[in-house]
Amino acid sequence: MAPAISAKSLTKKFGRREVLHGVDFEVEAGSVFGVIGPNGAGKTTTMRCLLDIIRPTSGTIRVLGTDPRAGGPELRRRIGYLPGELFLAGRVTGRTLLAHYEAISGPVPPGRVDQLAERLGLDLTRHTRKLSKGNKQKLGLVQAFMHQPELLVLDEPTSGLDPLVQQEFHAMVREARHRGQTIFLSSHVLSEVQQTADTVAILRDGRIIAVESVSGLREGAVRRVRFTTSGIAAHDAVALLSGVPNIGHVEVLEADGAATLSATIGGDIQPLVRMLASLRLTDLVLEEPDLEEAVLTMYAAPREEAQ
Amino acid sequence: MTALPLFRRAFFDTWRSTLGWALGLAAAIFLYLPLYPSIGGSAQMQDMIDALPPEMTKALNYDQIATGPGYTQATLFGLLGFLLMTIASVSWGAAAVGGDEESGQLELTLAHGVRRVQVVLERALALLLRVVLLAAVVCSLVWLLNGPAQLGIELGHLLGATVLFAGLALLSGTAALCVGAVTGRRTYGLAAGAGVGVLGYVFNAVGRQSKDVEWLLNLSPYHWAYGNSPVANGADWPAAAWLWAISAALVVLAAVALERRDVGA
C-alpha cells in the first residue's frame with residue numbers, strides 16, 4: 001500500500017533561519033503516526049508544508065499520492081486539519097462557523113456535526129468568540145473530523161482539553177483508524193500519543209532523530225515493579241528476583257516481617273509473573289512502562305544511525 | 001455545496017458593520033443636505049465664503065457651495081461622505097486578507113478546499129458589493145432629499161457622481177487589500193489604504209492652490225474623480241474607468257502575491 005504521507009529531505013528556510021534541515025518520514029496509510037518534539041522543533045512547519053500553507057525550500061512531499069503544491073483544493077478536501085493555534089473570531093455561532101467550513105471541505109454526512117459536538121460536549125449555539133480555549137479546540141476537532149477525511153493532520157490536538165474529553169478524542173482517533181483513515185498528529189510529550197499512535201517519530205531541531213513503533217518501544221521499555229511478600233526472608237526473595245531475566249535495580253524497601261522489594265524489568269514480563277506466582281503476595285504494583293523515559297535514554301546521545 | 005462560500009461569509013457575517021456605516025452615511029446626509037436652503041443657497045453664506053481666504057475655499061472645495069449640486073459635491077461627496085466611505089472601505093480591505101492572516105484564521109481557511117486566488121477574489125467581491133451598497137444608499141438618500149432640500153441635482157449627474165464616489169472609496173479599499181495580501185499584515189494594509197485616501201485629498205487641496213503645484217493634481221485620485229465637480233457637471237467617465245481599473249489591477253496583484261508566498265510564517 002502506498003504511504004499516506006511521505007517526506008524526503010524536507011528543508012525550510014525562513015529568511016536565513018533554517019527550521020527544517022532535511023526531514024524524512026513515511027506515514028503508512030491507515031495508521032496513527034505521532035510526531036513528538038519540543039516547541040520549536042519544526043512540527044507545525046512540517047504540518048503546514050503538508051497542507052501547502054507554506055512551501056518547503058527543498059525536498060519532496062507526497063500526501064495521498066500527490067504533491068500538496070499541485071494537489072489544490074481537491075487534495076485538501078480529503079484532509080482534515082487542526083492548526084496548532086486555533087483562532088476563531090467573528091460574531092457567529094459554532095454551528096454557523098461549521099456550516100462555513102462544511103461548504104469549503106469534503107461532503108459531511110447529515111447529523112455528523114451534531115453527533116461529534118455531542119460526543120465532545122460542545123454547545124454549537126454559542127458564539128465562537130465567547131468560547132473557552134478548550135471549547136474552541138473542540139470546535140476545531142469537529143471541523144477536522146466532520147467530513148471523515150482520508151487523512152487527519154492534527155497539531156497538538158489535546159491541548160486545552162480536560163482529561164475526559166481527551167479520552168473521547170482518543171476514542172475518535174481509534175474509530176477513524178478502524179475506518180481506514182490515516183492520522184498524523186503531534187505533541188510535545190509522548191505520553192499523550194502513546195495511547196493511540198502506532199508509530200512515533202521524534203523531531204528535534206528540525207530533524208527526525210528516531211522513528212519507532214509504539215509496540216516496539218513498549219517491549220523495550222522498562223517497567224517498575226514493587227511487591228510485598230510474607231513467609232519468606234528478604235534475602236531469599238532477592239535471590240529469587242535476581243534470577244528473573246532482564247531484572248535490575250533490585251532494592252529491599254522493608255525487611256522486618258513481610259518483605260517489600262522493588263526492581264525494574266525490561267522486555268518480557270512472563271518470567272517475572274511466573275516467579276511471583278510462587279510467592280505469597282500481599283501487595284503488587286506493576287507500573288505502566290514509561291515510554292518517554294525509554295525514548296529519552298535511547299536518544300540522549302544522538303546516534304549516527306538514528307539520523 | 002453552496003456557491004461562493006467565502007464571499008457569503010465575508011459579505012453576510014459583516015452585516016452589522018455594513019449597517020453601521022450605512023447609518024453613519026445617512027446621518028451625514030440628513031445633517032448636511034436639509035441645511036442647504038438656509039446655508040449654501042443664502043446670500044449671506046456666499047458673502048461669508050467670499051470673505052474666507054481663497055486658498056481655504058479651494059482646499060475645501062467650497063468655491064461652488066452656493067449652488068445645490070456644488071454644495072452636495074463639496075460637503076457630502078467631497079468631504080464627510082468621502083471620509084466615511086474611505087474608512088469603511090479601507091478597514092474592510094485591510095481585514096480581508098492581511099487581517100485574516102494576522103489573526104491566524106486564514107491558515108485554517110486555506111487548509112480547506114479553496115484556492116488562494118479564489119479567497120482573494122471572493123473577498124474582493126464582498127468588498128466591492130459592500131462599497132456599492134453604501135454608495136447606492138447615499139445616491140438614493142440624496143435623490144430623496146433633492147426636492148425637499150431644493151438641491152436641483154440632475155439624476156444623470158448624481159448617478160455619475162455616485163459611480164466616481166464608489167470608485168474612489170474602492171481604490172483605497174483595494175490598496176489596503178492588496179498591501180494586506182502582500183505583507184500579511186493588517187496594519188500595513190490600513191496604512192496603504194489610508195495613504196491613498198489622504199494623499200489623494202491633500203494633493204488635490206494643495207494642487208489647486210497655484211499653477212506651480214498643479215502637477216500634484218495628476219497624482220490625486222480624488223482630483224481624477226472630483227476635478228470637474230461631477231454632481232454639478234456629470235461624471236468624467238474615463239476617470240471613473242481608471243479608478244475602477246486600477247482597483248481591479250490591485251485585486252489581481254493581491255491574488256498573485258498571496259498565491260506565491262508562505263502564509264502565517
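The values are calculated or read from the model by the stated rules, or taken from the named source; none is laboratory data. Just so it is clear, the structure is predicted and the values come from calculations on it, not from any experiment. Here the Cβ positions follow ideal geometry from the backbone for every residue, glycine too, while neighbour counts run over all protein chains shown. For the accessible areas, the whole protein counts, side chains as well, though only heavy atoms, and no ligand, DNA or RNA atoms are used. Shrake-Rupley method; radii C 1.70, N 1.55, O 1.52, S 1.80 Å.
Candidates A:Ala234, A:Leu97, B:Met45 compared by Cα position along the dipole of the protein assembly as shown: farthest toward the positive end lies B:Met45, with charges placed on Cβ. Ordering A:Val273, A:Ala7, A:Ser31 by the projection of their Cα atoms onto the charge dipole of chain A, which places +1 on the Cβ of Lys and Arg and -1 on the Cβ of Asp and Glu, puts A:Ala7 at the extreme positive end. Mean partner shielding of peptide A:70-83, defined as the number of other chain Cβ atoms within 10 Å of each residue Cβ, is 3.
Ellipsoid semi-axes for segment A:5-213, based on the Cα gyration tensor and the rule √(5λ), read 27, 18, 17 Å when sorted largest first.
The accessible surface of segment A:5-213, taken with every protein chain in place and a 1.4 Å probe, is 47 percent carbon and sulfur. Taken per residue, the accessible surface of the protein assembly as shown reaches 44 Å², heavy atoms only and a 1.4 Å probe. Across peptide A:51-59, the mean count of Cβ atoms from other chains lying within 10 Å of each residue's own Cβ comes to 4. Quick check: Cα centre of segment B:183-216 to Cα centre of segment A:54-83, how many Å? Centre-to-centre (Cα) distance: 42 Å.
Where the alpha-carbon atoms of segment A:222-288 are placed on the principal axes, they occupy 31, 20, 19 Å, in descending order.
Report summary: the helix-based calculation at 222 nm, which adds -39500 (n - 2.57) for every DSSP H run with n ≥ 4 and divides by the residues of chain B, gives -22000 deg cm²/dmol.
Loop sites here are trypsin sites (Lys or Arg not before Pro) outside DSSP states H, G, I, E and B with no more than 11 other Cβ atoms within 10 Å. The longest part of chain A free of them is A:17-178. Between amide H atoms placed 1.01 Å from N, distances below 5 Å from A:Ile209 occur with A:Ile202, A:Leu203, A:Arg204, all of them 5 or more places distant or on a separate chain.
With all pairs of different alpha carbon atoms counted, what Kirkwood hydrodynamic radius in Å does the protein assembly as shown show?
Hydrodynamic radius (Kirkwood, Cα only) of the protein assembly as shown equals 28.2 Å.
Segment B:20-47 and segment A:106-169 have Cα centres lying 53 Å from one another.
Which of rounded, prolate, oblate describes segment B:81-229, given a ≥ b ≥ c as roots of the alpha-carbon gyration tensor eigenvalues and a/c under 1.5 marking rounded, otherwise prolate only if a/b is larger than b/c?
In terms of gyration-tensor shape, oblate.
Can you grab the distance from the C-alpha centre of segment A:197-264 to the C-alpha centre of segment B:230-265, Å, no decimals? Each part's Cα centre sits 70 Å from the other's. Rounded to the nearest 0.05, the FRET efficiency derived from the C-beta distance between A:Ser6 and B:Asp212 at R0 = 41 Å is 0.05. Counts of other chain beta carbons within 10 angstrom of each beta carbon in peptide A:95-105 average 5. With the gyration tensor restricted to C-alpha atoms of segment B:1-140, the semi-axes of the equivalent ellipsoid amount to 42, 15, 10 Å, longest first.
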